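The values are calculated or read from the model by the stated rules, or taken from the named source; none is laboratory data. Note that the structure is a prediction, hence the values are computed from the model and not measured. Here Cβ is always computed from backbone atoms with ideal geometry, including for glycine, and neighbour counts include all displayed protein chains. With ligands, DNA and RNA removed, areas are computed over all heavy atoms of the protein, side chains included. Shrake-Rupley method; radii C 1.70, N 1.55, O 1.52, S 1.80 Å.
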Amino acid sequence: MTTDALIPLLPFAAFVVIGLGDLFGRGFGSRAHWIAVPAAFGSLLFSLIAFGSVLSGGPHDLPLYTWAVSGSFRASIGIHIDALTAVMLLLVTIVSALVHLYSVGYMRGDRGYARFFAYLGLFTFSMLMLVTASNLLQLYVFWEAVGLCSYLLIAHWYERPAAAAAATKAFLVNRVGDFGFALGIFLVFRLVGSLDYDRVFAELPKHAGEVITVAGFDVQAVTLVALLLFMGAVGKSAQLPLHVWLPDAMEGPTPISALIHAATMVTAGVFMIARLIPIFSLSAAAMSVVAATGAATALFAATIALTQNDIKRVVAYSTVSQLGYMVMACGLGASTAGIFHLLTHGAFKALLFLGCGSVIHALAGEQDLRKMGGLKSRLPVTYWTFYIGALALAGIPPLAGFFSKDEILVRAFLSGGAGILFWGVGVATAFLTAFYIFRLIYAVFHGASRLDPKTAASVHESPPVMTVPLVVLAVLSVTVGWAGLPIQGLNGIEAVLGPLLSPGGSSEPVSGQASLLLPLMGISVAAALSGWMTARYFYLTRPELPERLATRAPALYRLSLNKWYFDELYDRVIVRPTRRLADRLWRTVDVHTIDEAVNGVGRETLAGARILRLIQSGQLQHYALVMMVGTFVILTVYLIVQ
Amino acid sequence: MTTVLFSYFAGMIVLTAAGVVASRKPVNSALSLLVMFFHVAGLFVLLDAEFIAAVQIIVYAGAILVLYLFVVMLLNLRGEESYHTQYLVGLTIGLAILIEAVLVVSRSGFADRVPSDPAPAASLAGNTEGIGRALYTTYLFPFEVASMILLLAMIGAIILAKKGMFDR
Amino acid sequence: MVPLSYYVMLSTVVFLIGVVGVLIRRNIIVLLLSIELMLNAANINFVAFSHYLRNLNGQVFVFFVLTVAAAEVVVGLAIIIALYRGKATVQIENINLMKG
């Protein structure tokens with residue numbers, strides 16, 4: 001269907017138009033949203049149409065452009081929509097449209113207003129092209145493109161050194177992951193000879209037994225491929241150990257945090273794993289690595305979120321943690337559950353971020369929760385929507401987060417072997433999750449006001465253009481979960497995505513094992529509720545308790561507050577040596593060798609010229625002498641030759 | 001007989017030539033050159049070229065040298081103090097080339113191809129007449145060109161030496 | 001009889017004396033005199049060969065050499081006079097405007 005092409009092209013057109021307006025002429029300035037917002041909603045409309053069409057009629061395929069033809073290698077750019085892509089399209093366009101709307105209020109008066117919307121359009125375009133790819137090349141290209149847009153948008157307020165540094169950090173850390181990703185793609189090409197999903201999925205299993213020797217070690221080819229591809233996901237989805245960029249990315253405007261670093265770009269990694277699950281499932285070793293990484297990340301990030309004082313950082317670490325859940329699910333073979341959680345998370349995490357943005361906007365830039373409190377009466381809409389988001393995140397039924405998180409936990413438990421371990425990690429993390437999010441709510445909205453008197457005077461609820469998206473997302477946070485009810489016949493998610501993501505029936509319909517289902521559900525709900533109540537105790541009933549605990553266990557507290565010193569470690573081990581090496585290389589190679597060579601040529605030419613100049617003495621007899629010497633030489637040669 | 005005369009003439013020519021180059025005063029150099037011209041004329045007579053000998057004396061000794069002496073007197077030149085700084089190098093080069101020239105000449109086959117017994121003068125029907133015939137027949141064009149050269153030289157000299165021409 | 005090579009040697013020696021004179025003397029007049037030496041050496045050579053090859057071409061050439069020598073002397077001396085007026089010197093080392 002050709003209207004499919006409009007889905008990514010509308011936001012791209014918005015980018016081009018706004019961009020050109022800035023380039024030629026005075027630009028659109030504060031009217032830029034008149035172009036961007038309709039484009040975003042138009043894209044949403046066409047995504048809905050495409051979704052309905054794919055659900056009823058099957059996948060769409062719309063090749064746009066043949067990009068590369070080299071020997072037997074062909075790669076084209078096109079739009080391929082199947083069930084997985086269709087739900088991703090919905091997610092991306094809905095959140096993008098709401099964020100567009102929200103930004104009209106949040107970014108009002110900003111100097112880079114038009115630039116913001118232009119890059120928003122570019123990002124939306126790139127993300128949409130990423131999910132509609134039908135070959136690894138398009139995937140990779142737009143993978144990089146969303147990374148670029150992330151860089152541009154994090155550094156929106158580029159005069160701030162912290163923002164510029166954060167953007168660079170994001171880009172560089174992603175690069176590390178992308179390096180592995182690229183190697184993985186190269187390896188795929190070498191093994192299969194094509195980058196199209198269909199051919200790769202069909203041909204790669206034939207290489208299942210192959211072994212490749214890397215640096216003296218023998219590795220299974222398919223394991224190597226899967227691990228390399230996973231590196232890309234580790235970078236993009238901020239898993240351990242490449243998670244360090246995501247909290248810093250909070251330097252960007254809050255709508256960006258909501259769109260890119262909660263709902264869409266960071267989920268590209270999870271999407272990639274799900275999309276390429278036929279590759280991953282060829283290697284049990286790789287799947288274990290994926291699951292372990294996800295689980296570790298989930299727990300690890302939750303421990304950090306417990307002590308953070310910047311409200312956006314709490315939500316950022318929460319995102320890392322929830323991404324860990326999704327990755328773990330994919331690694332355990334339950335990618336349907338992973339994607340389900342991706343969808344619900346997109347709704348409530350975006351909601352939480354936009355809610356933070358609303359609070360920040362109301363407090364004229366304050367982000368430290370130690371300076372907040374008692375805001376629930378002043379910011380009612382923000383409060384209620386935030387509360388709903390928190391409930392969803394904590395996994396309290398019947399909100400969305402409960403169904404998706406529970407699905408993951410159940411699958412983990414049932415996946416046998418070490419599955420119980422993963423399940424335990426998931427439950428522990430759920431407890432921590434509930435704790436930190438309600439800590440946030442109580443600190444920000446409840447209790448006595450610790451506001452700075454100046455800001456306290458101007459606190460006001462956000463304008464409708466900001467609160468309407470909040471309400472919409474709150475509704476979604478409640479309802480989206482019902483699409484995946486674990487009751488046979490009512491599980492829409494399973495019906496839509498199951499055949500795609502769990503081929504070969506590796507997904508035992510959970511609905512059939514009711515006996516285990518209810519107790520497990522009960523345990524996860526209990527974990528969430530106890531986390532909530534603990535937070536209530538700590539922050540509402542006995543607010544002095546956290547201080548006492550922090551002073552009693554200072555090492556643990558500091559470990560959590562300082563993000564387990566990861567940044568410091570990287571700085572010491574990687575950043576500084578690299579800088580020193582670069583400095584040394586610059587000095588010896590560039591300055592002393594190349595510059596010397598170039599300058600040397602000039603210097604020597606001048607010196608030579610200075611010497612040669614002596615020949616032109618102006619003295620007739622010098623010239624005559626030289627002529628005679630020449631004659632002498634000629635005669636000598638003549639005599640010798642004769 | 002001719003050998004004796006040759007030796008005398010050759011010796012004097014070399015000595016006076018050295019005198020031209022070595023004399024401190026320009027006047028001495030010019031006079032030394034004059035003597036050399038006479039001896040060269042003598043050598044020419046020895047080689048049965050009487051006309052050339054006469055022309056040598058008339059033109060070189062009588063005109064060119066006189067011109068030199070005019071200029072020397074006109075400019076009232078004193079003698080110079082020393083030779084050029086490169087005189088050692090110059091002498092060395094001269095000597096070196098001389099040795100090489102000797103080698104070249106001795107190696108070349110002059111003796112084989114040239115009869116050492118030249119024909120008597122009579123077969124040349126008089127030197128003057130011979131040269132005159134050659135000049136006005138075979139070498140007519142170069143002869144006319146030579147006269148043009150002389151004309152141009154005269155004009156050139158007048159213009160160059162005229163007072164007030166280049167005094168700006 | 002005097003062999004031809006003697007004449008050639010004589011001519012060479014006189015020529016080289018003239019060359020050395022050009023290289024050594026600082027006075028322009030003497031420089032020109034040395035050039036006359038060289039021309040005379042060439043003349044000796046021509047006449048000697050003309051005699052031994054029984055050919056008048058050599059002597060005709062001497063005629064022309066003489067002409068050219070005369071013309072050259074005339075113009076050269078005129079230049080020297082002009083130079084002397086401008087710079088009041090006939091030392092050749094002082095005439096070095098083309099230096100560089």
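About the Cα centre of region A:270-377, how large is the charge dipole given +1 on each Lys and Arg Cβ and -1 on each Asp and Glu Cβ? Please answer in debye to the nearest 20.
120 debye
With only alpha-carbon atoms in the gyration tensor, what are the semi-axes of the equivalent ellipsoid for region A:180-260, in Å, largest first?
Three semi-axes, in Å: 33, 16, 8.
Provide the descending list of Cα extents for region A:506-637 along its principal axes, expressed in whole angstroms.
That works out to 116, 50, 20 Å along the principal axes.
Can you pull the accessible area of A:Glu251 for me, 1.4 Å probe, Å² to the nearest 10?
Its heavy atoms expose roughly 40 Å² to the probe.
What Kirkwood radius, in Å to one decimal, follows from the Cα pairs of chain C?
Evaluated on chain C, it is 15.2 Å.
Interface size between chain C and chain B, please: total buried accessible area, 1.4 Å probe, rounded to the nearest 100 Å².
In total, this chain pair buries about 6800 Å².
Have a look at B:Leu65, A:Leu152, A:Phe201 and report the one farthest towards the positive end of the charge dipole of the protein assembly as shown, computed about the Cα centre with Cβ charges (Lys/Arg +1, Asp/Glu -1).
It is A:Leu152, whose Cα lies furthest towards the positive end.
Within 10 Å, count the other beta carbons around each residue, average over each peptide in A:239-245, A:588-594, and list them highest first.
Descending packing order for the listed peptides: A:239-245, A:588-594.
With +1 assigned to the C-beta of every Lys and Arg and -1 to the C-beta of every Asp and Glu, and no other charges, what is the dipole magnitude of the protein assembly as shown about the Cα centre in debye, to the nearest 20?
2300 debye
Considering only Cα-Cα distances, which of the following residue pairs are longer than 28 Å: A:Lys169/A:Lys563; A:Lys206/A:Lys405; A:Lys349/A:Lys454; A:Lys349/A:Lys563; A:Lys454/A:Lys563?
A:Lys206/A:Lys405; A:Lys349/A:Lys454; A:Lys454/A:Lys563, as the Cα separations exceed 28 Å there.
Debye calculation, C-alpha points only, no solvent: report log10 I(q)/I(0) for region A:323-378 at q = 0.14, 0.17, 0.19, 0.21 Å⁻¹, in the same order as the q values.
Once normalised to I(0) and log-transformed, intensities are -0.55, -0.65, -0.70, -0.75.
Please average, across the residues of B:88-97, the number of beta carbons from any other chain that are within 10 Å of each residue's own beta carbon, and give a whole number.
Counting other chains' Cβ atoms within 10 Å and averaging over B:88-97 gives 6.
Placing +1 on the Cβ of each Lys and Arg and -1 on the Cβ of each Asp and Glu in chain A, which of A:Leu306, A:Ala50, A:Tyr638 has its Cα farthest towards the positive end of the resulting dipole?
Positive-end residue among those listed: A:Leu306.
Go ahead and estimate [θ] at 222 nm for the protein assembly as shown from helices alone: -39,500 (n - 2.57) per DSSP H run with n ≥ 4, summed, over the residue count, rounded to 500.
Calculated from helices alone, the mean residue ellipticity at 222 nm is -23000 deg cm²/dmol.
For region A:342-480, which semi-axes, largest first and in whole Å, follow from the square roots of 5 times the eigenvalues of its Cα gyration tensor?
32, 17, 10
In bins 5 Å wide, starting from 0, what share of all Cα pairs of region A:541-583 does each bin hold, as a percent?
That works out to 5, 20, 16, 14, 11, 10, 8, 7, 5, 3, 1, 0, in percent per bin.
Quick one: check the C-alpha center-to-center distance for region A:602-642 versus region A:331-408, whole angstrom.
Cα centres, region A:602-642 to region A:331-408: 89 Å.
In µm²/s, what is D for region A:571-642 at 20 °C and 1.002 mPa s, where D = kT/(6 pi eta Rh) by Stokes-Einstein and Rh is the Kirkwood radius from Cα pairs?
Rounded, D is 124 µm²/s.
Could the peptides B:145-151, B:92-98, A:259-265 be put in order, highest first, of the mean number of other beta-carbon atoms found within 10 Å of their residues?
Most protected by this proxy first, the peptides run A:259-265, B:92-98, B:145-151.
Calculate the mean, over all residues of peptide B:12-19, of how many other protein chain Cβ atoms lie within 10 angstrom of the residue's Cβ.
That average works out to 4.
Rounded to the nearest 0.05, what FRET efficiency do B:Leu103 and A:Arg584 have when you use their Cβ-Cβ distance and R0 = 51 Å?
With a Förster radius of 51 Å, E is 0.20.
Modelled label-to-label distance, B:Phe70 and A:Val475, 7 Å Cα→beta-carbon offset: nm?
Once both label points are built, they end up 12.4 nm from each other.
Give me the orientation-averaged projected area of the Cα convex hull of region C:51-93, in nm², one decimal.
Its Cα hull, projected and averaged over all orientations, spans 4.3 nm².
What share of all Cα pairs of region A:234-352, in percent, falls into each consecutive 5 Å distance bin?
Once binned at 5 Å, the Cα pair distances of region A:234-352 give 2, 13, 25, 25, 19, 9, 5, 2, 0.
For region A:123-223, give the percent of accessible area contributed by carbon and sulfur heavy atoms, probe 1.4 Å, rounded to a whole number.
The value for region A:123-223 is 68 percent carbon and sulfur by accessible area.
Note every residue of region B:40-54 with a reduction of at least 50 square angstrom in accessible area, all protein chains present versus the isolated chain, computed with a 1.4 Å probe, or write none.
B:Phe44, B:Leu47, B:Ile52
Whole number in Å², please: accessible area per residue of region A:1-141, 1.4 Å probe, ligands, DNA and RNA not counted.
Computed with neighbouring chains in place, this is 40 Å² per residue.
What is the gain in length, in nm to one decimal, between A:Thr636 and A:Val591 on full extension, counting 0.36 nm per residue of separation less the C-alpha to C-alpha distance?
Contour length minus the Cα-Cα distance gives 11.3 nm.
Express the Stokes-Einstein translational diffusion coefficient of chain A in µm² s⁻¹, to the nearest whole number, given a Kirkwood radius over alpha-carbon pairs, 10 °C and a viscosity of 1.306 mPa s.
Estimated via Stokes-Einstein, D reaches 59 µm²/s.
Under the Kirkwood approximation for Rh and a Cα-based Rg, what ratio Rg/Rh is obtained for region A:292-335?
With Rh from the inverse mean 1/r over Cα pairs, Rg/Rh is 1.07.
Would you tell me the mean number of C-beta atoms belonging to other protein chains that fall within 10 Å of each C-beta in A:620-626, as a whole number?
Mean inter-chain Cβ contacts per residue within 10 Å come to 6.
How big is D, in µm² s⁻¹, for region B:30-86 by Stokes-Einstein at 37 °C and 0.692 mPa s if Rh is the Kirkwood radius over C-alpha pairs?
Here the translational diffusion coefficient equals 255 µm²/s.
Please pull out the direction-averaged projected area of region A:354-409, using the convex hull of its alpha-carbon atoms, in nm² to one decimal place.
Taking the Cα atoms of region A:354-409, their convex hull projects to 4.6 nm² on average.
Could you calculate the FRET efficiency of A:Leu516 with A:Leu421 from 1/(1 + (r/R0)^6), where r is the beta carbon distance between them and R0 is 25 Å, rounded to 0.05?
Efficiency, from the Cβ-Cβ distance: 0.90.
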